[in-house]
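Below is one structure, written out as structure tokens; comments come after it.
The values are calculated or read from the model by the stated rules, or taken from the named source; none is laboratory data. The model shown is predicted, which means the values in this text are computed figures rather than measured ones. Backbone-built Cβ (ideal geometry, glycine too); neighbour counts: all protein chains shown. All accessible areas refer to the heavy atoms of the entire protein, side chains included, with ligands and DNA or RNA removed. Shrake-Rupley method; radii C 1.70, N 1.55, O 1.52, S 1.80 Å.
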Amino acid sequence: MFDIGFSELLVIAVVALVVLGPERLPKAARFAGLWVRRARNQWDSVKQELERELQAEEIKRQMQDVRQGMQDTENQLRASGEAIRREAQQAQQQGDDLVQEVRAPAPADLPPHMSTAPDADVPVPESAAPEPMPVTTPEAGATPPQSTERQP
């Protein structure tokens, strides 16, 4: 701490023995030790206080960084959600437009080879329409079909 070597300590001990004498030297050594211990304790206390403050500042900084990151992420998510909503609305509008185009064409706009099906507003080509069933009439002198059941 003070960078004192053994030779300096020996000189201080000899001077203290001569000045204080052998009777008061042990008390003076205890007193000096007490003050050195108190000084070290104070120094350690100050050092620990500074370390705690530095740690608290570091924690505050980290919390601030996390909050900022959370806000950035929240803003990105909101922007993405808005973009998705706009795209969904555009897709819905396009789908509605397509449905309207398919369901409600003007009859004058249909080509001559197309007709509308009776149960729908969707144009159907005449070639795709079902053919009517031929109606047959019984010929003269023909017998009606017999049932295979026996009559009692």
### Query
Among all residue pairs at least 6 apart or on different chains, which show Cβ distances below 6 Å where the first residue, located in segment 17-42, is touching a residue at least 12 places away in the same chain (Cβ under 8 Å) and the second is in a helix (DSSP H, G or I)?
A28/L20
### Query
Quick one: how many residues across segment 29-88 are open to solvent by 90 Å² or more (accessible area, probe 1.4 Å) and β-branched (V, I, T)?
2
#### Entry: Scope segment 1-33; condition within 60 Å of the chain's Cα centre (by Cα) and among the aliphatic types (A, V, I, L, M); matching residues
M1
